[in-house]
1. Among the residues of segment 129-155 satisfying the criterion of being small (Gly, Ala, Ser) and within 20 Å of Lys86 (Cα to Cα), which is surrounded by the fewest Cβ atoms within 10 Å (Cβ to Cβ)?
2. Looking at (1) within 21 Å of Val23 (Cβ to Cβ); (2) small (Gly, Ala, Ser); (3) part of a strand (DSSP E or B), find the lone condition where Gly141 falls short.
3. Pairs under 7 Å by beta carbon, first residue of a type in the set (Lys, Arg) in segment 58-72, partner crowded, with 19+ Cβ neighbours inside 10 Å and part of a strand (DSSP E or B), six or more apart or different chains?
4. For segment 92-110, what are the residues that are more than 18 Å from Pro166 (Cα to Cα), touching an Asp or Glu at 6+ places or on another chain (Cβ under 9 Å) and buried (at least 18 other Cβ atoms within 10 Å of the Cβ)?
5. Find all pairs meeting these conditions: Cβ atoms under 7 angstrom apart; at least six residues apart or on different chains; first residue within segment 162-180 and of a type in the set (D, E, K, R); second residue surrounded by fewer than 13 Cβ atoms within 10 Å (Cβ to Cβ) and outside any loop (DSSP other than H, G, I, E, B).
6. More than 20 Å from Ile44 (Cβ to Cβ), among the β-branched types (Val, Ile, Thr), surrounded by 14 or more Cβ atoms within 10 Å (Cβ to Cβ) and in contact (Cβ under 8 Å) with a residue 24 or more places away in the chain: is that true of Thr186 in this structure?
7. Please go through segment 144-193 and pick out each residue that is β-branched (Val, Ile, Thr), part of a loop (DSSP other than H, G, I, E, B) and modelled with pLDDT under 85.
8. Does segment 88-100 contain any residue that is basic (Lys, Arg), part of a strand (DSSP E or B) and in contact (Cβ under 8 Å) with a residue 12 or more places away in the chain?
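The values are calculated or read from the model by the stated rules, or taken from the named source; none is laboratory data. On a predicted model such as this, the values are computed, not experimentally measured, just so you know. Cβ coordinates were reconstructed from backbone atoms using ideal geometry, including for glycine residues, and neighbour counts include every protein chain displayed.
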Amino acid sequence: MKKGLLLLAFLTFAAAAQAQIGVRAGIGSSNFSNEDSQRALTSITRVHFGAYYGLKATEKITVEPGFFYSGKGFKTIPLGTTENIKESFSYLDIPVLARYAVTSEFNVFAGPQVGFLLARTRTDKNGKNTTTEPIGGYEVGAVLGLAYQLASDLNIQFSYDFGLSPFNYYDVKVNNTVFKLSVGYTIPSKQKILPQ
C-alpha cells in the first residue's frame, strides 16, 4: 500500500514538473446547428477566456485540459415578422485536448469537451428573459483546431467547437457551434513542452 502511494506521488510530481500553465482569451462566432432551424439564424460574436494546463505525453504530443468561460448564442428574425431576437448563453467549457507538434512552431489539436450552461439572456420585443428552463443544462462536444507559436511564450490559435449530443431548445434538438480565434500566454517554466 505504501509503495503504491509513493509511486503515485512520484508519478504526480514527475508529471507536474513537465507541465505548463497558461491563460487564453479571444472572440468567437457562435450559432446553432440544426438543419432547417439554422437557416433562419445568424451568428453573433462573443468572448471566451480561461486557463489551460499542458502536460507533455511524448516528444510530439501534449495533453491539455482547460477551464473556459465561453459566450455562445445567435440572433434571428422569425419568418413573417420584423422582431429581432437575440439569445446569449454563458457556458463553462471543459476541453481535454491532444496537441501534435507538426513543427516547433505549428501544432494541430483535437479532443472532447463538456459544456455546462451558466446563464442565458433572451432579448426580444418584450425585454429580457433570463430563465434557463427552455435550454438543455449541458452539452457534450468536441474541438478541432490549429495553433502557431509566436515570439516568447505567446501563441495564437483557430478552433472549431461543435456539439455532438443535441440538446433541447424549446423542444427542438440543436447543437452549439463556435469558430474561435484566441491568443494564449504560457507561463514560463524551466522545462519547455510543445507549443500551445
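1. From segment 129-155, those small (Gly, Ala, Ser) are 136-137, 141-142, 145, 147, 151-152; that's our starting set.
Now narrow it down to the ones that are within 20 Å of Lys86 (Cα to Cα): 136-137.
Numbers: Gly136: 18, Gly137: 12.
Filtering first and then ranking leaves Gly137.
2. (1)
3. From segment 58-72, the pairs are Lys60/Ala101; Lys72/Ser30; Lys72/Arg46; Lys72/Phe89; Lys72/Tyr91; Lys72/Asn176; Lys72/Val178.
4. Residues of segment 92-110 more than 18 Å from Pro166 (Cα to Cα): 96-110.
Imposing the further condition that a residue be touching an Asp or Glu at 6+ places or on another chain (Cβ under 9 Å) reduces the set to 96-99, 101, 109.
Of everything in segment 92-110, those that are more than 18 Å from Pro166 (Cα to Cα), touching an Asp or Glu at 6+ places or on another chain (Cβ under 9 Å) and buried (at least 18 other Cβ atoms within 10 Å of the Cβ) turn out to be Leu97, Arg99, Ala101, Phe109.
5. none
6. Numbers: more than 20 Å from Ile44 (Cβ to Cβ): yes; among the β-branched types (Val, Ile, Thr): yes; surrounded by 14 or more Cβ atoms within 10 Å (Cβ to Cβ): yes; in contact (Cβ under 8 Å) with a residue 24 or more places away in the chain: yes.
Here the answer is yes, as Thr186 does meet what is asked.
7. Step one: filter segment 144-193 for residues β-branched (Val, Ile, Thr), giving 156, 172, 174, 177-178, 183, 186-187, 193.
Subset that is part of a loop (DSSP other than H, G, I, E, B): 187, 193.
Across segment 144-193, the qualifying residue is only Ile193.
8. Yes, segment 88-100 has at least one match.
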